[in-house]
1. Within segment 265-287, count every residue that is within 23 Å of ASP131 (Cα to Cα) and either open to solvent by 40 Å² or more (accessible area, probe 1.4 Å) or in a helix (DSSP H, G or I) (or both).
2. Please go through (1) more than 30 Å from TYR274 (Cβ to Cβ); (2) modelled with pLDDT under 95 for TYR102 and return the number of the only condition it doesn't satisfy.
3. All but one of (1) farther than 13 Å from GLN139 by Cα; (2) open to solvent by less than 10 Å² (accessible area, probe 1.4 Å) hold for ARG224; state the number of the condition that does not hold.
4. Of the numbered conditions (1) farther than 18 Å from VAL244 by Cα; (2) of a type outside the set (Phe, Trp, Tyr); (3) under 22 Å from the mean Cα position of the chain (by Cα), ILE202 fails exactly one; give the number of that condition.
5. Taking segment 171-191, which residues are over 14 Å from LEU229 (Cα atoms) and of a type in the set (Phe, Trp, Tyr)?
6. Within segment 247-264, identify whether any single residue is in the same structural domain as ASP174 (by the TED database), over 15 Å from VAL290 (Cβ atoms), hydrophobic (A, V, I, L, M, F, W, C) and open to solvent by less than 60 Å² (accessible area, probe 1.4 Å), and answer yes or no.
7. Among the numbered conditions (1) assigned to a loop (DSSP other than H, G, I, E, B); (2) within 30 Å of GLY43 (Cβ to Cβ), tell me where SER246 comes up short.
8. Just the residues that are of a type in the set (A, V, I, L, M) and exposed (fewer than 14 other Cβ atoms within 10 Å of the Cβ), please, taken from segment 298-312.
Amino acid sequence: MQLMGWSEDEISYELSNDYSIRKAESEEWGVYCSIYYNIQYIGFFREDGFNSAQKNAFWIYKGESKIGGVRMSPNRIYHLFVIPPYNDTFMVLKLLKKLLIYWSDRTEPIKTFEVLPDQVHLFARAGFWPDEFRCRWMQRPTDHFEVEWNEEFTIESPQIEDDGKGAKRFILEDQIAECSYASFNGSLEATRRKKFSYEDFIPKDEPNYTNEALLTASTLVYDRKSGQLIANCLLGLQGDYAAVYSIGVIPSYRGKGIATLMLKRGLHLLKDKYPFLRLYVMEGNDAESVYTNLGFVPGVQEIQSMYIPVMD
């Protein structure tokens, strides 16, 4: 049997004499994934449906029997599930890995991400290495809050402009980057995000994943006396839902409840626009207690990514 190279237009691929994968229609595939992938996780993200219109959803077949599904493309594999009574997930993953290696650029790692607890050992057996960061999504309903700011602070919402080259940028991009750099530089969170220099904190992608409602609910906090931007909370889209892209307070202003007030402001201004607000937090992040005290409920803890290393 000859393995076939990746093409967005290819309908099916042979994995072995008995197994194959066949291109799936996203809506039906999403229904199956939402039932069989992981019930705890699906319970937390039940609104998403796993039916995004990407061209990488496949059914897994043994002979002519549909036994599972997966999303995969060169250097990426995720949302692997099997349909009972079939239960040899490891056999399937080994075959998928063989095809994936054939498809992939081996100068780059092959990744699976947001790996749920019941699949960590499965991917490890198949030769994927876990990274060191364990994270979880948290969420709470948007709601009305009375938000009162100390008179020493000035509150604004960020604004976006066209950069003249067909892209968007925050008008105060440099100030936001300086604030985020001061808030996160040298922290575990910065290491997780692979941000090590001032330039890494310039919010280049965020303006493309927001809208007027989320911009209004985002917060910039200034020291009224000095005019310095000392905290920011940027909200954006995660799929079709509201999420906290970044939230930071520079160290000399911590302990004043600023992060809580920024989140309350966002939750208040998004009420009746989005049903809930999500955020992604690393295990051991001090801010996790802030989120918990505000009523954010944690989802399943996951390893952020696992990978097959590059080939030397």
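1. 5
2. Evaluating TYR102 over (1) more than 30 Å from TYR274 (Cβ to Cβ); (2) modelled with pLDDT under 95 leaves (2) as the failure.
3. So ARG224 meets the others, but not (2).
4. (1)
5. PHE184
6. Yes, segment 247-264 contains a residue that is in the same structural domain as ASP174 (by the TED database), over 15 Å from VAL290 (Cβ atoms), hydrophobic (A, V, I, L, M, F, W, C) and open to solvent by less than 60 Å² (accessible area, probe 1.4 Å).
7. SER246 satisfies all of (1) assigned to a loop (DSSP other than H, G, I, E, B); (2) within 30 Å of GLY43 (Cβ to Cβ) except (1).
8. Our first condition is that a residue be of a type in the set (A, V, I, L, M); within segment 298-312, this holds for 300, 303, 306, 308, 310-311.
Within segment 298-312, VAL310, MET311 meet the criteria.
The values are calculated or read from the model by the stated rules, or taken from the named source; none is laboratory data. Note that the structure is a prediction, hence the values are computed from the model and not measured. Glycine gets a Cβ as well: all are built from the backbone with ideal geometry, and neighbour counts include every protein chain shown. Protein only, heavy atoms only, side chains kept; ligands, DNA and RNA dropped before computing areas. Shrake-Rupley method; radii C 1.70, N 1.55, O 1.52, S 1.80 Å.
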